[in-house]
Structures are given as C-alpha cells and as structure tokens.
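The values are calculated or read from the model by the stated rules, or taken from the named source; none is laboratory data. What you are looking at is a predicted structure, and each value in this text was computed from that prediction instead of being measured. All Cβ positions, even for glycine, are placed from backbone atoms using ideal geometry, and neighbour counts span all protein chains on display. In case anyone asks, the SASA skips ligands and DNA or RNA and just uses the protein heavy atoms, side chains included. Shrake-Rupley method; radii C 1.70, N 1.55, O 1.52, S 1.80 Å.
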Amino acid sequence: MESVLLKIAASHMRPLLIVLSVVVLYRGHNEPGGGFIGGLMLGSAFILYAMAYGVKKTQKSIFFDPVNLTGLGLLIALASGLPAILMGEIFMTGQWITLFSNTFFELKLGTPLLFDVGVYFTVAGMLMLVMFSILEE
Amino acid sequence: MTAGLFIFILLLVATVAPFLRRYLGNYAGWIYAIWPFTGFLYYLSLLPSINDGLIITETYAWLPALGINFTFYVDGFGMLFSLLVLGIGSFIMVYAGYYMRPYPMKGRFLGYLLLFMTAMQGIVVSGNLLTMFVFWELTSVSSYLLIGYYHEKPEARASALQAFLITGLGGLALLGGFVLLSIPYGSYDIAYILSEPNIIKDSNLYLPALILILIGAFTKSAQFPFHFWLPGAMTAPSPVSAFLHSATMVKAGIFLLARLNPVLGGTEIWTYTLSITGVTTMFVGAWISITQTDLKRILAYTTVSALGTLVLLLGTGTEYAVNAAIIFLLVHALYKGTLFMMAGNIEKKTGTRDITQLGGLFKYMPFAAVIMIMALVSMAGVPPMLGFLGKELIYEASAAAPKAHYFILTLGFLTNVIMVFLSLRLAIDIFWGKEPPYSKIPKEPSVSLIIGPFFLVLFSLLLGLFPSYMANPLTSKAITAISPDNDAIVLKLWHGFNLVLGLSVLTIISGFITFRFRHLILPFIDRINIKYFRREFTRVFFSVLDAFLGFTKVKTKTLQHGYHRFYLMTIFVFASILVWIMIWRADPVVIELDFSTMPLNLVAVVILIIAATITTVASDSRVVSLISLGVIGFGITIIFIAYSGVDLAITMIMVETLMVILAMAVVFHLPKYKPFSSTGARMRDTLVATMVGSFFMVLVLQAGTSAMEIPISEFFKEVSYTQAYGRNIVNVILVDFRALDTLGEISVISIAALGIYAILKLKPSKIKES
C-alpha cells in the first residue's frame, strides 16, 4: 500500500501527535485528558507512521522496543506508590510537593501525575506491541 | 535471645548455607551445627526456671486484625522437644557434613536439612494454631526435598511424592481441624485454648475438629493405614533418615496429639480411636519388620511400631501412660537417631546394608560396634539403658489400661519380644556372624560420623543410670504440660519384684528363644505374610493416584476444549443466568421512561445507532458490517458528548478509530464471509445474545432509578480538588482514589498484549524453522 499522501501526512503528524499526547497527559488532571487517552494518542502516532512506512522502518526510527515501553510504564506506575510507604502511609496514597506558588500561578507535582505517566507509557506500549505484531503479518 | 529470634536466625542460616558451603569446605557441617547447638544450650539454660513453672510466650504481629499472629509458647513440653530437635539436629549436621562429601549439591542438602530443623523447631514452640500450621507444612515441603534428594532415581522421586502427598493431604485436614477448633474459642491462641479445655468439649464442633486433627496427626506420624510412606522415605540419605525418624517429622504428629491432649483428650472417642490405631500400628510395624533384611527398612518399621506405641499411650491417658509416653519418646529419639546414623556408617564402610550380606564387623570397627550394640540394648529395653525404664513404664501403663488391658498387654508383649529379637539379630548378624568377602577392608568411621551416635548413646546410658537426677528434671514439666491432672512419677531403675519385672524377664527370654530358633520361625512368618498380607499399600496408593490423574485429565478435556466461541458462550450464559436470578429475586423496581426531555437531534442519533446495529447483523459483507459497527461506536460517542462525558468521548473516538485500523489490518487475511452455522446454532446464539443484552438493559435502567442514600459521586465531587488537587473527577478517580484498580487494569492489558504478541510471533511453524 504505497501512498505519498499518507507518507507525507504521517511524517508531519507524528511529532505533532507526540506533543499533543504529552499535552493531553498533563492537562488530564484538571481538564479532559489523562494518561489513558494520551497513551492511545502516542501509540496512534507510531501506528500511523507504521501504516505509511511499514513496521520495520518504524521500529528502526524509534529507539525503544514496545515491550520495554510497556514494562517501563508498569514500573513507573508501581514506583509511584512507593513514596507513600516511605512516608508511613498506605501504598499508593497520593503525595504532593508544591514547587512554587503565588497568587497567579501554582505548580504542584504529585505521585498521581507520575502514576498517570506510567499509565501513558503502558497503554502506548501495549498498543504498539499489538498493532505492530498484527501489521507485520 | 528469644524463641522467635532464634528461629528467624536459624532460617537465615538455612538460606545462606547452600552458598557458603563452597567456602567452608569439609568443615561446613561443624560450622552449621554451631547455631543449632547454641539453641540447645539456650533451652538447657532455661531448664531450672521452666521447672519452677516459667512459661515463655512471645507474640509477633502477623495479621492481628484476624487474630493470626506468630506466637511462640515454650513450656516444659516445648522445651523437651526443642532440646531433642536442636541437640540431635546439631549432631546430624556434623554427621551430614562429612557423610555427604562424595555427593553432588551437598551445600543445598545441608540447607534443606537446616530448613527441616527450622520447621520442626517452629512446630514445637508454636503458640498459635496457624503458626503451627505454617511450620507443619514447612516440614512437609522440606522433607519432600530431602527424601527426593537422589532425584535421578525414580524410586526416590516416587517416595518423596508419596510422603508429600500423604502428609500434605493430612496437613489440609489439619488446617480444617484447627479452624473448627478455633471457632468456639474465637481465637487461635494455644495458651488460651489450653486454659479452657471444656469449651470445645461442650461444643458440637468437637467431633469434626477431632476427626480432622487426628487425620493430620496420623498421616504425619505414619499411623496405620497411612504407615507405608515412612519405610518408603528411607530412600533418603542416612542423615535425613536419622533426623526424620528420631526427633522431627514423624514426631510432629505425636507432638500435636500430646500438645492438644488436655483439650481434646479424655473423651471416649479419643481413647478408643487412639488406642485402636496405636495398638494396630504398634503390632503391624513390628510384625513387618521381622522378615525384612534391609537394615534401614528394619529400622523404619520399628519406628512405625514405636509411633504406634506412643499413640496408644496418649490414648490410654492414665498417669502411667502419660509418663511412659514422654519417657519412651526420649528413649526412642536417642536410640533411633543413633541406629540410623550407624546404619549409614555401615553402608558407607561396607557398601551394603543388607544384613544377610554383613557379618564379622566387630573386629574391624569395635568402637562403632559397642555404640551400636548399646543403642540396640536400649531398643530391646534391657537395663541399664533408658530403654529399660521406657519399656517398664509401657508395661505398667498397659497393665493398668482402663479397657481391654489383656489385649493391649499381649500385643505389647509380642511387640517387645520382636524388638528383643531384632536387637539380637542386628547385633549378632552384623558384628559377629559369617564374614562375607568385603571389597575393601572396613574401618572405624571417622570422628564426624561417630560423634553423634556416641553422645546420644552416652545420654541414653546416663539417663538410664541416674533417672531421678537426670531424666526426671528433663521430663517432669513436659508430663504436667500435656496432662495437667497427672504428676510425674519418680523414675527408678529398680522397682522390686513385681508383675512388670516378670514380664520384662519373660520378654527377654522369649526374644532369645525366637532368635535361637529363627531358622524355623522366619520362613514360617514369611509364608503367613505371603499368604495373607500381600496387599502392598504403596501400590494401592499409586493406583489411586493414577485413577485420580486420569479423572482430572478427562475433566480438563471436557471443560477446556479449546474453542474460543464456546468459552465465551459459557461465560455469557452463566453470567446472564446469575444476573437474571438476582433481578428476579430483587424487589420490583418501577422504571419510568420519560422521552419528552430528550432533544430531537439525539433521537436522530439513537435511530441511527439502531439502524446501524441491524445492518451490522444482517449484512452479508464484512466491510459493511465493520463500517456499521463504527457507526454505532461514533453514535455512542455523540451521546457521551451530549451528556458532557468528554473524557469518555475522547477515549471512545480513539478506541473506535483503532478498531477500524485493526480490522483493516486483518480483513485481507480472513476467509470468505459466509454463514457457516446451522439454523439451530443461530437460534441458540440469538437466545444467548438476547439474554445478555436484555440483562444489561435492565441493569442500566435500574441503576438510573434505584435511590442510593448518598451517591458516591457526591463524595468525589467534594474531595476531588480539596484532597487530590484535581478538577477532572474522572481522572482523579483513575489515578488517585482508585489507583490500585488502574494498576491492576494496566497490568492486565500488558499481559494481554504480551499474549497477542506471543501468539503472533511465536507460531509453532516459526519455531520449527529456526
């Protein structure tokens, strides 16, 4: 299936989709979005590329293996539960740090965000793993 | 030091032992014996205070909410058993370290042995029924590893499996018994249960609890008809046999019966069951051992007999019987440990343990011979060894048994005659007798191999010579611990002329006569055995096992047929039937449907979804069906947006898009789209689909109308920003309130993805190619 349109679109869409997926991931805590949707978008970015250029070329163009990405996501999600244990609370209790805050702007980082990053990687990794396997057939 | 800490460190030693063996070389056995021996000295140092009435209890929280704790409870009985386990265990470690030198994986072997010791030590100081159960199972597991140590041999594997299955099944029964026992008390704490023995006896759970606990104890202690695993277990290396038969494993069942004697004992059913089982086991074990020629097998059957004696004594439950039980326990542990270690030594020095192939060893190893003969004297119950005191007490107890004492006394007498006969036979045939041609000249065993037997025999002798100074202090608190109504009897070597002494003399004379005429008696017994007792328990056991495995194979084939569509159908049918029953039995709910507020554009969307559904099912083109399925998905997305479920809508769009891509990727590989199924099958599928679809509809409609007190969504709305700092409630629920669920879900999808990956990448054809 050779398609010039698809190829050009895919190579331009991929970075955009990746950035968009990160945005969706980050805004998820307060507005629609989150790790699951973001992960699906990230995975879609590479699947689109794979449909245009083939799975082999896509795999060469990325520096990670989808299996490892899935595992990394699970590890991050699991690790996000550990700070609570160190603080003497129940596993996975949310822990927050306020980086800075003034009247206009407040930046808080917490383990739920880290957990969402884990979900993001897991979903993307599992999607790519399945789709690459099927598209390769 | 504390009992709990000691066990914990012992477990650590067992864990690192296999890895350190290489650096410790041939002294590993001595070094690994240090910690058990420290424990032995610790418990010995407790002796005076325990005799003053001290009872140590320690509790470490495990699941305190359920009343399950690691509790340790050391009283006189626990202390006596700890001394046996750790004292004999230390000698066994020294012995095993040297004995196993020529074999591979000796480090691992020593580790297993230490683990076994840990487990047994845990049982004897347990103060909580479930703590005891955990250690109980650990003895089964570690003994499996030890019995199957020569795992290249099929018979070793079979014996290990047999021992494990029998004691493991008994362990399950025991767990049930413990749970039933704890129900009337509302506690698993042994100290509390022992302090209120009448609660269980008045409860109607007494009988079921007793039956299950007895199954556990009888399987572990090799009582008839479960006795056959124990002789099989002698395929293990000699250090294991010596330990397993003397202080551990088989004594665990005896320990349990004695420990629970104040609670469960004293009733008629207890007395009858234990006496009958005990007397049968005692005699059967002794009887079978007469005609055996394998040294270890002879000893194994005498252990069966001794265990039967112990159960009989506990069942009898009189003052003499309880005293006899504790003394005989000590006697048996000391001589049986010695004899098995010596059997290992003889096999090592001559290459055989068939007593018909042995003879004239006295002149090659006089020192070892003296030690073994002294142990045999103890087994025969001849003064001045402790065995004599044990046998006297057993005769006293049998003569004073409340019921059927003539019967018990007769069988007890016959058993003891057999013991005297076997002692003579082993001593004379092995150490004098006709000397066969040995392939190499036998020598005295080295120090590591003989030190254990030497000290055990020495103990036995000292205890027998000075019973009131040494044996009484060791055992008096153990006796009152297992039977609070009875006192310890002051032991004496000389009782004066009475019936019991007469019986003892008669036993020894009969044993001599049997030995003198063994050429006539043995073939006669052999003939009886061949004619009447040909049933081999081991064979029966394995045929039952095979039948069971065959049954599970048929069952698995029926249920796990491998057809995906039928699995799905089974799941759907069962789920919908269950839910329909629930709906049927619940209170009727009035569902009011009000379409008047529904905007017109949504009505259009709903009509579109219905039309698309019909098209999906009815179309005879696969592509049309796929597209219609997509229409349904996007229609639902619009409904989500209309009711401001933006997160859901975005997810749905992504999922629908990916579904189409997925379908496009595989659509070319699929076979032609044709109706294969018969009309009947289609009717059935329609029925299943209707059942599932309708229950979902009813559930959703009911969920909308059923009035909860306060919906949980109010709670989430309230605390989402104040506590979790997020305004998107859906996301906060996913990553914070219900994060553990999400973690489970992403684990599941990862595993599913790996499964798909494996199916697609690792096809059998591809594996064959590479």
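Values for this structure:
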item	result
Residue-averaged beta-carbon neighbours from other chains (10 angstrom radius) around A:22-30	3
Spin-label pair residue B:575/residue B:486, simplified geometry with 7 Å Cα→Cβ offset, distance in nm	6.2
Calculated FRET efficiency for the pair residue B:741/residue B:701, C-beta based, R₀ 30 Å, to 0.05	0.70
Sites excluded, chymotrypsin sites (Phe, Trp or Tyr not before Pro) in DSSP loops with at most 12 other C-beta within 10 Å, longest stretch of chain B	B:1-493
Full-extension gain in nm, residue B:183 to residue B:66, via 0.36 nm per residue minus C-alpha separation	40.9 nm
Average beta-carbon neighbours from other chains, 10 Å sphere, peptide A:115-124	4
Helix B:106-124 axis, angle to chain B major axis (alpha carbon atoms, nearest 10°)	90
Protein accessible area in the protein assembly as shown, 1.4 Å probe - carbon and sulfur %	70
For the range A:4-136, size of Cβ-based charge dipole, Lys and Arg +1, Asp and Glu -1, in debye	540
Complex-versus-alone comparison for the range B:736-752, residues with a loss of 50 Å² or more in accessible area, probe 1.4 Å	B:736, B:743, B:746, B:749, B:750
The range B:1-264 shape via C-alpha gyration tensor axes, a/c threshold 1.5	oblate
Candidate residues A:2, B:714: accessible-area rank, largest first, probe 1.4 Å	A:2, B:714
Separation between Cα centres of the range B:604-675 and the range B:429-455, rounded to whole Å	85
For A:76-88, mean number of other protein chain Cβ atoms within 10 Å	1
Using θ = phi - 60° and Karplus 6.51 cos²θ - 1.76 cosθ + 1.60, couplings along the range B:197-213 (whole Hz; Gly, Pro as x)	x, 7, 4, 6, 5, 7, 8, 7, 7, 4, 5, x, 4, 4, 4, 5, 5
Spacing of the two label points (7 Å from each Cα toward its C-beta) at residue B:544 and residue B:465, in nm	4.9
Length added when fully stretched, residue B:42-residue B:103, from 0.36 nm per residue minus Cα-Cα	18.6 nm
Spatial separation of Cα centroids for the range B:35-95 and the range B:164-236, in angstrom	21
Approximate spin-label separation residue B:679-residue B:759, in nm, with each point projected 7 Å along Cα-to-Cβ	3.3
Crossing angle, helix B:268-290 versus chain B [Cα axis fit, 0-90 degrees, rounded to tens]	60
Per residue accessible area in Å² of the protein assembly as shown, where ligands, DNA and RNA are left out and the probe is 1.4 Å	48
Additional length obtainable on full extension of the chain from residue B:552 to residue B:203, 0.36 nm per residue less Cα span	121.9 nm
Reachable lysines from residue B:674, criterion Cα separation under 26 angstrom, eight or more residues apart if same chain	none
Buried accessible area, chains B and A (both chains, 1.4 Å probe, Å² to nearest 100)	3400
Set of the range B:285-323 residues, backbone N closer than 14 Å to the point 7 Å along the Cα-Cβ line of residue B:526	B:290-294
Over the protein assembly as shown: helical MRE at 222 nm, DSSP H runs n ≥ 4 each giving -39500 (n - 2.57), nearest 500	-24500 deg cm²/dmol
³J(HN,Hα) computed for each position of the range B:657-667 - Karplus, 6.51 cos²θ - 1.76 cosθ + 1.60, integer Hz, glycine/proline x	4, 5, 4, 5, 4, 4, 5, 5, 5, 9, 5
Set of aspartates and glutamates near residue A:57 by C-alpha distance (under 12 Å), chain-local residues within fewer than 8 positions excluded	A:136
Helix axis angle, B:34-51 relative to chain B longest principal axis, alpha carbon, degrees	70
Spatial separation of Cα centroids for the range B:486-521 and the range B:337-416, in angstrom	13
